[in-house]
Structure formats: structure tokens, C-alpha cells
Amino acid sequence: MIVLVMGVAGVGKTTIGEALAHALGARFIDADDYHPPENVAKMKAGIPLQDADRWPWLERLNQTLKSEPRAVLACSALKESYRRRLSQGLQDFHIVYLHGTPELIRSRMETRRHRYMPAALLDSQLATLEPPAEAIAIDVAAPLEASIAAIVARL
């Protein structure tokens, strides 16, 4: 089983993804660790990535997922085409869509330290976001434990 935990920056993909992986006995994979240096440099500079920047990264992630029997992937996966690419060739693929108010997400981004994702990119991520039609939707205003319990119950 592969579970994609997706949403905009600052929504809690890593926190929820790590806790979910622990609950499921699965490997946790942070998509941020797979970005090439060119993508990281753009994001550090506050430059939103374009589709051409993302395709090789998504391909690498898909290949990694194909070698994992059980994994939880934390990845923005903002567009349906990105989610299709990530899931290509995977049979047991589930999507968890983390969402919250822009105000809540922005406040989280302003108080956290991320290695390269500035709060200034939140607006471009919200504009790019295509919420998934088929997903386990979790409002991140809920406590972590309640969110994990809800996801596990739906899986």
C-alpha cells in the first residue's frame, strides 16, 4: 500500500506523514529529499517551480515508490497530472488531502523553519492547487492524533 499525503506547503505533510507511516508500519518518504539542486535553488529564491521542473522529480519519486511494498509519501502533488504521474503503475495507491484555511497555513509557515520553502510561495501554491476528487480529506485544524485515527479508519 502506498499513501500519498498531499497539500500545499505548511499544511503538515511531514508531521502527519511521519505519524501515519509509524501507525501503518510503513516507510516514510519526504518528497523534498528528492528535489534536484536546481529546484531547491529556485524555491530558496522564492521562484515557483514550473511543470518542466517537476516532471523528472515526479518520475524519480514514482520509481522509488515502485520498489516499496508499504510507504507513506509526503509530497505537495498539487495538480491531478502530478498525482497521476506519482501513481502510475501502482495498484494500491491512496491519497490523503490535507487542507486548512490560508490563514492557519500561513501562520504555521511563518513560525516554522523549512530548509528552502519560504512563506512567500504559499499564494502560488494555493493558486496551483487542484483539490483531488477522490481522497481522504483532513482538515489540519484538528489535533494530530485525531487526524491519524481518521486516516487509518478510512484506509
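Some notes on this structure:
- Which listed residue, of 12, 25, is crowded, with 18+ Cβ neighbours inside 10 Å, farther than 16 Å from residue 135 by Cα and either at pLDDT 95 or above or not aliphatic (A, V, I, L, M) (or both): 12
- Boolean, residue 81 is within 15 Å of residue 50 (Cα to Cα), at pLDDT 95 or above and open to solvent by less than 50 Å² (accessible area, probe 1.4 Å): yes
- Extreme residue, surrounded by the most Cβ atoms within 10 Å (Cβ to Cβ), among residues of segment 49-66 that are hydrophobic (A, V, I, L, M, F, W, C) and in contact (Cβ under 8 Å) with a residue 12 or more places away in the chain: 61
- Residue match in segment 31-43 (condition: modelled with pLDDT of 95 or more and over 19 Å from residue 81 (Cα atoms)): no
- Residue, least open to solvent (accessible area, probe 1.4 Å), within segment 101-119, restricted to residues that are of a type in the set (A, V, I, L, M) and either at pLDDT 80 or above or part of a strand (DSSP E or B) (or both): 105
- Taken as a whole, the condition of being touching a Gly at 6+ places or on another chain (Cβ under 8 Å) and either in a helix (DSSP H, G or I) or touching a residue at least 24 places away in the same chain (Cβ under 8 Å) (or both) applies to residue 98.
- If the condition is being more than 19 Å from residue 16 (Cβ to Cβ), at pLDDT 75 or above and either β-branched (Val, Ile, Thr) or surrounded by 13 or more Cβ atoms within 10 Å (Cβ to Cβ) (or both), then segment 120-140 contributes 123, 124, 128.
- Taken over segment 12-28, the criterion of being among the hydrophobic types (A, V, I, L, M, F, W, C), touching a helix residue (DSSP H, G or I) at 6+ places or on another chain (Cβ under 9 Å) and either closer than 20 Å to residue 109 by Cα or assigned to a helix (DSSP H, G or I) (or both) is satisfied by 16, 19, 20, 23, 24.
- Residue within segment 63-76 that is more than 19 Å from residue 125 (Cβ to Cβ) and in a strand (DSSP E or B) present: yes
The values are calculated or read from the model by the stated rules, or taken from the named source; none is laboratory data. What you see is a predicted model; the values in this text were computed from it and never measured. Every residue, glycine as well, gets a Cβ built from its backbone with ideal geometry; the counts of neighbours run over all protein chains shown. Just so you know, the surface numbers come from the protein's heavy atoms only, side chains and all, with ligands and any DNA or RNA stripped out. Shrake-Rupley method; radii C 1.70, N 1.55, O 1.52, S 1.80 Å.
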